[in-house]
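A short reminder: the numbers here are calculations on the coordinates, not readings from a lab. Everything numeric here is computed off the predicted structure, so don't read it as measured data. Cβ sites come from the backbone with ideal geometry, for glycine too, and all protein chains shown count toward neighbours.
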Amino acid sequence: MKIKRYFSKNMREAIRKVREEQGPDAVILSNRKVDGGVEIVAAIDFDEVVLDAGAPVIPAPPRHATTGVRAAAAPAPAAMKPTAANAAPAPAAAAAPGAIPFPEPAILDMRRELKNLRGLMEQQISGLMWGDMARRKPLEANLLRLLLQLELSPGLCQQIVGELSDASANDAQKAWRNALGVLAHKLPVTDDEILARGGVVALVGPTGVGKTTTVAKLAARFAVRHGARKVALVTTDNYRIGAHEQLRAYARLLDVPLRTAADPNELREVLKELADRALVLIDTAGMSQRDVRLSEQFALIRGCHADIKSYLVLSATTREAGVDDIIRRYRNIQPRGCILTKMDEAGSLGGTLSQIIKHKLPVAYVSDGQKVPEDLYTASAPRLISRSVAMMRRAEQVPDDPSLAMILGGTAANA
C-alpha cells in the first residue's frame, strides 16, 4: 500500500491530482484545511485487512464446548484426559481471555484516517445535494439559507421548508412569511397561568440563569394584581450564602413573607403554613445540570407530596447543545413550561427555540432585563420569532454555499 499527501488550492484540484497519479482506485484517507489550501492523504492498493494485522488470531471454541470462556484456544490433546496428573498446563494466553492487544501506532493512525474518510464523503455528497437543490429549487434553497441564518437546527429548517405549500412557490417574500408562520406554529407557548391562577410554583434551573430575579418579578406582578397579602416566597437554596439575602431583600421590598425549607418535611410544613396565600413561589438552588446534588432538589420538591407546578428557567445566551442537555437533565421533574431569561444579552434565539420545539416545552414568560417587575412578559410565539429575525438582521452573517452544504451535510447523511 502506497500513501501520499497532496497539497492544492482547493478540494477539486487535489482530487484531480490524486486521480492522475494513483488512478480511480485510490482511496482518500483524510482531508484538512491548511495555509494556502487543502491537504489530502490518499492511498493505493488499500486493504482493510491491514487494520487487524496487529491482533493475533484467536481460534473459535469447539461447537460442543459448554464452558463460558469463549475466547480461550482449543485445549491440547493431553488436556482431554480425565486424570489431573496428566493434564497439560493452560497456555499463558488463556489466562486473560478478555484481554485485547493494543494496536500499533501505525494501525491507530490508519483508523483515525479512515474515520476522517466518512466526513469527507459526507461533505462532498452534501455539497452536491446543495448545488443540485440551488439549481432546481432556488426558492427553497433561499428559504433554507434564511432559516439557517436564524441559527435554527438544520433538521428543523428542512422540516419547515418541506411543510410549505406550493401556493408561494413563485413569491419569495410570501414564502418567507409562510415559513416564519410555520415556525411560530411549531413553537409551543402557554397562557399567563402563574399570574392569572396562582398556586404553588417552583422555578428550577442551572445556576446563573436568573431564577431569583424572576421569582421577584413574578411576585411583584402578582402583588400588583391581587395584593401583597396573596403572595409568599420560599427558598430551598442552602448552598449559596448570598441566595437568602437577595431573596430576603426582595421580600422586604414587596412586603411578603419569606420561608426556608431544607428537606421535604420542612417544605410540606411551610406550604401548610402558607395555605392561605394565592401564590407561593419557590426559589430552588441553582447548580449545574450535571451536579450530583441536583437529584436532592428533585427529591425535595417531589417528596413533599404537594401540588407543585415546576417551570424550567433557561438563559437565552446558552448554546443549543447546552439547552438540550439542561432540558434532558430536568425532564425528571416534569416542568409545566419554561421561562426564557437574558433575552437582551442573546445574539441569537435559533438554537434555544429549536430545542424548545424539539422537546415540546412550552414557553410561559420571557425576560429581557433586571428591572423588577417591568422586564417580564407573557410569551408570544409571533413576538419571539420577530425577535429572532431582528437578531439575525443585526448580525448580518450570511453563510456561503460551502458552509450551508457542511451545515446540512450531517442531516442529509442521517436521513
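Extension gain ASP35-ALA262, at 0.36 nm per residue separation less the Cα-Cα distance, in nm?
Answer, rounded to one decimal: 75.9 nm.
Cα atoms only, the range 281-395: Rg and Dmax in Å?
14.7, 48
Between LYS272 and SER386, what length in nm is gained on full extension when 0.36 nm per residue of separation is reduced by their alpha carbon distance?
In short, 36.7 nm is gained.
From the gyration tensor of the Cα coordinates in the range 193-379, what semi-axes in whole Å does the equivalent ellipsoid have, largest first, with each one equal to sqrt(5λ)?
The answer is 24, 19, 15 Å, longest axis first.
Sticking with the crude label model, points 7 Å out along Cα→Cβ, report the distance from ARG229 to ARG302 in nm, one decimal please.
Inter-label distance under the simple model: 3.9 nm.
To the nearest 20 debye, what charge dipole does the range 193-379 have about its Cα centre, counting +1 at the Cβ of each Lys and Arg and -1 at the Cβ of each Asp and Glu?
Taking the Cα centre of the range 193-379 as origin, the dipole is about 360 debye.
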